[in-house]
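So the structure is just underneath, and the comments pick up after that.
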Ligand SMILES: Cc1cc2nc3c(=O)[nH]c(=O)nc-3n(C[C@H](O)[C@H](O)[C@H](O)COP(=O)(O)OP(=O)(O)OC[C@H]3O[C@@H](n4cnc5c(N)ncnc54)[C@H](O)[C@@H]3O)c2cc1C
Ligand code: FES
Ligand code: FES
């Protein structure tokens, strides 16, 4: 644990109380969900910790064909829920079970993952690919697509607002997530999440997102356009693989080089497309 | 601040510092099976069960367990009266220096409370976040599979 300056601990009773406590500390407090990130952080400015895990935000509900997931729902609770396994062709079951290891999934919450939004993480890539929306309560109640939020200074927002719920829209079709890491426990060197909806022999809609580039997961609209209206199959996946290799924006970090990421991004997208198409058929 | 929680079946009421890591509190209460390896959630040596689920006690502060049940390895079995899972670790040679062992046994215990018939891959997934520098993991996987076999045979309590 690196967060060593804690002087006071509060269990918020509801989002309003969490917000008024945040305001009272004037920047010297933080919301605590799973704590997996917060308590690892070396921030020296946090005196007050406000636990929001007991304010009724742990649930997974079916909502208009999609899912509504409370912000403090742990990854394990999502995996164990009745509604999640069937959603988007089983995407959540396969993607979340590749996140960290069981003890961390027992602690980490979806809201915490959304707010931390590590560039190497799988969850932001999945949320962006799915077109997830987040609802929050701050000075006012707000909502926005996660993809749009990530284009803004969202961390500042969540120092003054409580993320309440993540809404995953309905998709007629299937998604698949691919992660490549050095061991099954390690964080991603690169990840990709793709979804496809078929209309007979044609692809009706497509979603392609790549993350850990090393930047955070983003959609590749030009790859999606290249898929729509086309006949699914190995030839098309290979074509999109080459397209991704030629256009994806990647970089170097201490974990992997840009040249490797460029080649591998194409491979991961091809695999995710093939798997999504296969899941969509069953 | 005041804290009440159940530790290995016994209710505790005590005063804690709001920022005290759960790991330190547990060791202060004599639970020396809870080890600090990395202190940042990466190694699994500090694993305990919270309401039956494995968690990292180095990434929790003591007040988070208010009203909850904590189990450490000390609550599973003792030297004189080991749990079958502990016996399986010994029988299979899955313990060398022993530093990772409490955490390994507790994640395995969580797995085996949910299934009595895990595949070797289920076991590898369950222990994936617990690092061992000695055994090479093979004997740990063997031990968990052996314990599962004993559970199916009704030899667990
Ligand atoms: C060892 C390790 C391995 C990991 N591996 C992976 C991986 O493979 N793939 C992956 O995708 N991720 C991975 N992660 C990241 C993990 O998913 C996140 O760290 C976790 O989900 C954070 O959630 P939390 O509930 O613990 O957040 P916390 O630590 O409680 O909070 C994180 C931040 O978000 C804020 N916050 C939390 N909840 C809210 C809310 N409802 N509203 C507003 N602000 C809020 C907190 O104030 C804090 O600033 C890993 C993390 C670790 C430590
Ligand atoms: S000491 Fe907690 S995970 Fe390493
Ligand atoms: S037995 Fe030594 S670390 Fe596992």
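Read-outs: derived from the displayed coordinates by stated rules, not from any lab. None of the values given here were measured: they were computed from a predicted structure. For neighbour counting, all protein chains shown are included, and Cβ atoms are generated from backbone atoms with ideal geometry for every residue, glycine included.
GNM on chain B, C-alpha springs below 10 Å: top fluctuator among B:53, B:133, B:146? Result: B:133 has the largest fluctuation of those listed. Rounded to the nearest 500, the helix-only mean residue ellipticity at 222 nm of chain A stands at -10000 deg cm²/dmol, with each DSSP H run of n ≥ 4 adding -39,500 (n - 2.57).
Computed from the Cα positions only, the extents of chain B along the three principal axes stand at 45, 31, 27 Å, in decreasing order. Stokes-Einstein at 25 °C, 0.890 mPa s, Kirkwood radius from Cα pairs: D for region A:12-109 in µm² s⁻¹? Reported coefficient: 166 µm²/s. Both radii were evaluated on the Cα set of region B:2-75; the Rg over Rh quotient, with Rh as the Kirkwood radius, amounts to 0.92.
Take the Cβ-Cβ distance between residue B:6 and residue A:16 as r, set R0 to 35 Å, and report the resulting FRET efficiency rounded to the nearest 0.05. With R0 = 35 Å, the Cβ-Cβ based efficiency is 0.70.
Using only Cα atoms, tell me the angle between helix B:138-152 and the longest principal axis of chain B; keep it within 0 to 90° and round to the nearest 10. The angle comes out at about 90 degrees.
Among A:260, A:120, A:237, the largest mean-square fluctuation in a Gaussian network model of chain A (Cα springs under 10 Å) belongs to A:260. Determine the shape class of region A:8-51: with a ≥ b ≥ c the square roots of the Cα gyration tensor eigenvalues, call it rounded for a/c under 1.5, and otherwise prolate if a/b is greater than b/c, oblate otherwise. Cα axes put region A:8-51 in the oblate bin. Give the percent of DSSP beta bridges with both residues in chain A that are antiparallel, rounded to the nearest 5. Among the beta bridges of chain A, antiparallel pairing accounts for roughly 80 percent. Here the label points at residue B:79 and residue A:62, each 7 Å from Cα along the C-beta direction, are separated by 5.6 nm in the simple model. Let me know the shape class of region A:88-157, please: from the alpha-carbon gyration tensor, a ≥ b ≥ c as square roots of the eigenvalues, rounded when a/c is under 1.5, otherwise prolate if a/b is greater than b/c, or oblate. Prolate, since a/c reaches 1.5 and a/b exceeds b/c. Principal axis analysis of the Cα atoms in region B:84-152 yields extents of 29, 23, 17 Å, listed in decreasing size.
Helix content alone sets the calculated 222 nm mean residue ellipticity of chain B: runs of n ≥ 4 DSSP H residues at -39500 (n - 2.57) each, divided across all residues, give -10000 deg cm²/dmol.
Applying 1/(1 + (r/R0)^6) with R0 = 25 Å to the Cβ-Cβ distance of residue A:98 and residue A:231 gives a FRET efficiency near 0.25. Hydrodynamic estimate: the Kirkwood radius of the protein assembly as shown over Cα pairs, inserted into Stokes-Einstein at 25 °C and 0.890 mPa s, corresponds to D of 107 µm²/s. Seen through its C-alpha gyration tensor, with square-root eigenvalues sorted a ≥ b ≥ c, region B:1-42 comes out oblate because a/c lies at 1.5 or above while a/b is not bigger than b/c.
Considering region A:174-281, its Cα convex hull presents a mean projected area of 6.2 nm².
Mind checking the angle between helix A:258-281 and chain A's longest principal axis? C-alpha axes, 0 to 90 degrees, to the nearest 10. Roughly 80 degrees, rounded to the nearest 10.
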